[in-house]
Structure formats: C-alpha cells, structure tokens
Amino acid sequence: MDRLVFFLIPIALAATAIILAVGIYSLARGGSFAKANSNKLMRLRVIAQGVAIALMALFLILIGKGPGS
C-alpha cells in the first residue's frame, strides 16, 4: 500500500503544479477565459493540493507502521 501512495504523490504534485500554471497563465492573459474560470481553477488547485498533502501524510503513517517499528 505504501508503494502505491509513494507513486501517487508525484502525480498529485504534478497536477497541482499544472493547475497553478494554467491559472497564472490565464490571469496573465486576461480576457473571458480568466473571468469565467479563475475561481474554478483556484478551487481545483486547492483540492489537488489537499489531496497531495493527504497522500504525504498517509505515506508517513504507513511507513511509520512498517516492519521495523
């Protein structure tokens, strides 16, 4: 289980970074896309960031309950 979580962490971090980059790009360009989607992108980034943090915490919990503990 800890290996699965270990491989999901970079995916969650990459998703957060991509969403952040799209949000920054859309705000820099402005226009109708930014007006329509900036709040949605911010919410999506916060959710992705929360998932990444939760996965990191789960990983730390799982490795703490390993065979050497």
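FYI, it's all coordinate maths here, none of it is from the lab. In this text the structure is predicted, and so the values were computed from the model without any measurement. Virtual Cβ from ideal backbone geometry, glycine too; neighbours counted across all protein chains shown.
From the convex hull of the Cα coordinates of segment 1-48, what is the mean projected area in square nanometres? Could the numbers behind the result be given before it?
Values: hull surface 12.9 nm².
Quarter of the Cα hull surface area: 3.2 nm².
Report the charge-dipole magnitude of the chain in Debye, nearest 20, computed about the Cα centre from +1 at each Lys and Arg Cβ and -1 at each Asp and Glu Cβ.
Working: 7 positive and 1 negative charges, 55 e Å.
With only Lys, Arg, Asp and Glu charged at Cβ, the dipole is about 260 debye.
How tilted is helix 2-29 with respect to the longest principal axis of the chain? Cα atoms for both, answer in degrees (0 to 90, nearest 10).
Compared with the principal axis, the helix lies near 10 degrees.
Considering Cα pairs under 8 angstrom that are at least six residues apart, work out the relative contact order of the chain and quote it in whole percent.
It comes to 49 percent, rounded to a whole number.
Any chance you could give the angle, 0 to 90 degrees and rounded to 10, that helix 31-64 forms with the longest Cα principal axis of the chain?
Orientation of helix 31-64: about 10 degrees from the principal axis.
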